[in-house]
Amino acid sequence: MTADVPARQGVPLHLDRTTFSYGETSLAFDVEFPAGEITAVMGPSGSGKSTLLNLVAGFETPLSGNVLIDGRDFSSASPFERPVSMVFQENNLFAHLDVFSNVGLGISPSLALTPRDHKAIADALARTGLAGKEKRLPRELSGGERQRVALARALVRDRPVLLLDEPFASLGPALREDMLDLVAAVQTERKMTTLFVTHQPEDARHVAAHVVFLENGTVAAAGKARDFFSSNGPAAFRRYAGAMNER
Ligand code: ADP
Ligand code: MG
């Protein structure tokens, strides 16, 4: 980012009394995510982390309640209309498209790209350490590089909300730390309101300013990361983090 670009502020995100159900399973979220900061979304498997992100992204629609982004109601908007980008655990790259095109899809699903878009893609590839790999196919990349492509695709969209659903879960610890540093650096530059799902308390500790802890389809605790990770943190979270650290 150049010096003449005004500092970004980030947008608040509010799941306002949203409910959702998969048949038997009911979920309910009433939670605000601070503007322009990284919130770790944690909780046991099946607690509703992916569903929460899918409600924000528009892959699911709430039964009741509202998804408010910067105060505007996006509850029934399609995913592409929302000011949101998402990176999944299994990067959903297209196997037959090269790195450049996979990133370009973030801007245009038909790859109708302007010269300015080409520049944005080149910048995102440079930012994620992929310069020179434009022509590679996903199978010619390492797992870490594939996740960098997925992150670059999110960056070219330049949306104020970034959702990361266990994006680095399949990477080893050293590579994961590099990726977390990259996310933190990009977040500092762009001030995206970032929701980062992770199973690893140390990953949350490394990058997140806030934590939202889910249990049984709802928010069991939420607050500043430094409070969560103190010895006086929420009991439910301490039990969970203690169990994770013992593994
Ligand atoms: P997490 O990401 O925290 O592991 P999910 O949001 O994927 O949890 O799932 C929350 C709950 O909803 C779980 O009980 C899960 O079994 C259920 N669930 C998730 N997706 C579906 C689906 N497509 N159909 C039915 N139940 C689902
Ligand atoms: Mg999940």
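The values are calculated or read from the model by the stated rules, or taken from the named source; none is laboratory data. These numbers come from a predicted model, not from an experiment. Using ideal geometry, Cβ is built from the backbone for each residue, glycine included, and neighbour counts are taken over all protein chains shown. Side chains are part of the model used for accessible areas, which takes the heavy atoms of the whole protein and leaves out ligands, DNA and RNA. Shrake-Rupley method; radii C 1.70, N 1.55, O 1.52, S 1.80 Å.
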Solvent exposure, largest accessible area first (probe 1.4 Å, DNA, RNA and ligands not counted), of PHE80, PHE196: PHE80, PHE196
Ranked from the most accessible area to the least, with a 1.4 Å probe and all protein chains present, what is the order of ASP181, ASP165? ASP181, ASP165
Between helix 173-190 and the chain, what is the angle of the helix's C-alpha long axis to the longest principal axis, kept within 0 to 90° and rounded to the nearest 10? 80 degrees
Report the semi-axes of the equivalent ellipsoid for the chain in whole Å, largest first, where each axis is √(5λ) for an eigenvalue λ of the Cα gyration tensor. 29, 21, 18
Mean accessible area per residue over the chain (1.4 angstrom probe, all protein chains present, square angstrom) is 48 Å²
Ignoring ligands and nucleic acids, SER170 exposes an accessible area, probe 1.4 Å, in Å² to the nearest 10, of 80 Å²
On a 0 to 90 degree scale, rounded to 10, what angle separates helix 115-127 from the longest Cα axis of the chain? 60 degrees
Largest-first ranking of ASP30, ASP98 by accessible area, probe 1.4 Å, whole protein assembly kept, is ASP30, ASP98
Calculate how steeply helix 143-157 sits against the longest principal axis of the alpha-carbon atoms of the chain, using the helix alpha-carbon long axis, and give the answer as 0 to 90 degrees to the nearest 10. 90 degrees
For region 92-158: relative contact order, % (alpha-carbon pairs under 8 angstrom, 6 or more apart): 49 percent
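Rounded to the nearest 5, what is the percent of antiparallel bridges among the DSSP beta bridges in the chain?
Numbers: 21 of 38 bridges.
Just about 55 percent of them are antiparallel.
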If you roll a 1.4 Å probe over the chain with all protein chains in place, what percent of the accessible area is carbon or sulfur? 50 percent
How far apart, in nm, are two points set 7 Å out from the Cα along the Cα-to-Cβ line at LEU137 and at HIS199? 3.1 nm
